[in-house]
Amino acid sequence: MTMTDPKPSPTAATSGVSASGVSASGVSASGVSADVMALAGELGAERSKPGWSPFSLALNDEQREIRDWAHAFAADVIRPAAAEWDEREETPWPVIQEAAKIGLYGLDANINLFVDPSGLLMPLVHEELFWGDAGIGMSLKGTGLASSAIFSNGTPEQWSQWMPRCYGTPDDVRVAAFCSSEPGAGSDVSAIRTRAVYDEATDEWVINGQKAWATNGGIADIHVVVATVDPALGTKGQAAFVVPKSEVHGLEQGTKLRKHGLRASHTADVFFDNVRIPAANVLGGKDKLDERLARARESAAARDAAAARDAAAGAGAGAAGAGAAGAAGAAGATGRPAGRNASMATFEMTRHIVGAQAIGIARAAYEVALDYAKTREQFGRPIIDNQGIAFKLADMALEIDAARLLVWRAANMSAALMRGETPDYRHGEGSMAKLKAGEVAVKTTEEAIQILGGNGYTREYPVERMHRDAKIYTIFEGTSEIQRLVIARAISGMRIR
């Protein structure tokens with residue numbers, strides 16, 4: 001295409017149609033002129049070249065096969081056991097072992113799901129397993145948070161050393177724990193007080209502190225622990241460490257929490273009392289950590305010097321500092337490196353997967369409510385005949401599909417990890433997926449209880465358990481409020497507080 005010989009637009013090609021519906025060339029408006037056909041052919045050829053691809057939400061045969069495989073396991077193994085393990089509030093080791101035997105649990109299983117250019121296999125399988133039951137699903141997939149932390153922060157050598165140990169073998173299954181939150185540090189990761197101090201004499205790290213809300217905390221062998229190395233640097237002074245319980249002294253499980261939902265998933269406090277680990281157990285390596293800390297210290301010193309100069313010149317250091325903070329916040333919100341915090345690097349990888357889990361819960365509750373509404377009769381007809389019920393179900397279906405589309409978009413963007421790149425969530429797409437799916441799960445399960453009425457409030461029907469399970473999805477791995485903050489910072493480029 002040149003400026004002297006422009007191609008006609010589709011509008012221009014048909015602009016010679018008269019009021020009578022006949023074009024200047026004698027071809028009726030309902031027909032197609034030769035010029036339009038030529039233009040369509042030319043554009044079709046041009047847009048068949050690399051760089052153009054058809055938009056499709058259709059799954060390929062292998063994706064459907066793996067999804068259906070996971071669904072069958074959820075229907076045949078997880079669902080029949082769900083109520084029992086919820087009541088027992090214990091880790092369902094027999095279910096985990098069964099999943100490992102068929103290849104649905106383990107490092108190989110995770111690699112199988114991760115290596116997908118579309119990024120969809122991981123959320124597809126998570127949705128199905130959590131459709132079966134969220135508590136058991138978390139017991140199966142909670143280890144993924146620790147292995148994701150190793151993958152996102154570690155070296156290839158550390159991947160090989162530690163990731164297989166997170167899962168064990170089909171004959172000796174293990175789980176792993178990611179320890180980030182603390183009693184005083186939930187959404188605010190800068191408040192982490194667990195310390196890791198390097199002992200140069202022994203070439204070891206010494207870890208002291210308490211972690212809270214750790215999935216598999218204390219029952220795992222491999223614990224990935226986020227600790228502060230240099231408190232003066234805030235989140236940039238933190239690092240992640242691999243702590244194998246079987247090889248250390250001083251790691252103890254604290255209180256096992258009795259939770260509102262996800263009761264089949266073990267959650268506990270973990271205490272670290274002078275726990276010594278080799279220097280090599282810091283993810284990314286000690287040399288890389290030292291380099292990163294040195295850069296952070298230089299940046300902090302430069303900011304302090306600039307602030308001092310501005311203050312001395314009466315230039316308003318406060319405004320300058322706010323501007324710098326806004327730029328740093330925008331970089332962190334988009335997922336581009338800005339000191340790369342170990343906790344946030346892990347959560348960036350998993351937000352859309354957590355969203356898929358929430359969709360599984362919502363879909364399960366919706367299906368129960370839909371079936372119930374079709375068979376439950378009041379006033380001589382099924383209650384779905386009433387718009388009050390039918391419209392609720394229509395909204396539930398709408399919201400679940402909308403949430404899934406956001407999850408799939410973020411999942412597709414996450415496929416950049418396969419190419420060794422960082423997903424460019426420049427508008428907070430990962431947070432959008434997690435936020436929407438979590439809130440849809442809570443609303444859908446609540447509406448399911450409403451549709452079932454008194455029956456929905458009893459343990460004779462699963463929707464009360466689903467409602468209990470759903471609530472955590474607006475709280476953990478970033479509350480709904482934090483997700484909105486991430487999105488707001490991303491779209492504005494400002495350090496919104």
When you scan the stretch 346-361, do you find a residue that is at pLDDT below 65 and buried (at least 19 other Cβ atoms within 10 Å of the Cβ), even just one? yes
Per the filter on the stretch 187-219, residues out of contact with any strand residue (DSSP E or B) (no Cβ under 8 Å at 6 or more places or on another chain), assigned to a loop (DSSP other than H, G, I, E, B) and either in contact (Cβ under 8 Å) with a residue 24 or more places away in the chain or surrounded by 21 or more Cβ atoms within 10 Å (Cβ to Cβ) (or both) are S187
Given the stretch 220-276, what strands (runs of 3 or more DSSP E) lie entirely inside it while holding 3 or more residues that are surrounded by fewer than 21 Cβ atoms within 10 Å (Cβ to Cβ)? 251-256
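For (1) open to solvent by 10 Å² or more (accessible area, probe 1.4 Å); (2) under 21 Å from V282 (Cα atoms), each residue gets a yes or a no:
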residue: G132; (1), (2): no, no
residue: G144; (1), (2): yes, yes
residue: T169; (1), (2): yes, no
residue: F178; (1), (2): yes, yes
Just to check your reading of the model, which residue among M466, M432, M418 is touching a Leu at 6+ places or on another chain (Cβ under 6 Å), under 29 Å from A214 (Cα atoms) and in contact (Cβ under 8 Å) with a residue 24 or more places away in the chain? M432
Matching residues in the stretch 225-268 - criterion: being over 24 Å from D290 (Cα atoms) and among the charged types (D, E, K, R): K245, E247, E252, K256, R258, K259, R263
Qualifying helices (runs of 4 or more DSSP H) (wholly inside the stretch 32-125; at least 3 residues being open to solvent by less than 80 Å² (accessible area, probe 1.4 Å) and at pLDDT 95 or above): 61-73, 79-88, 93-101
For the stretch 147-180, which residues satisfy the criterion of being modelled with pLDDT of 95 or more, among the aliphatic types (A, V, I, L, M) and assigned to a helix (DSSP H, G or I)? I150, M163
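Which one is farthest from A403 (Cα to Cα) among residues in the stretch 362-386 that are in a loop (DSSP other than H, G, I, E, B) and not hydrophobic (A, V, I, L, M, F, W, C)?
For the stretch 362-386, the residue satisfying everything is G380.
Determine, yes or no, whether A99 is among the small types (G, A, S), in contact (Cβ under 8 Å) with a residue 12 or more places away in the chain and closer than 30 Å to T255 by Cβ.
yes
The values are calculated or read from the model by the stated rules, or taken from the named source; none is laboratory data. Everything quoted here is computed from the prediction, not taken from an experiment. Quick reminder, even Gly has a Cβ in these numbers, built from the backbone with ideal geometry, and neighbours come from all protein chains shown. These accessible areas exclude ligands, DNA and RNA; they are computed on the full protein's heavy atoms, side chains included. Shrake-Rupley method; radii C 1.70, N 1.55, O 1.52, S 1.80 Å.
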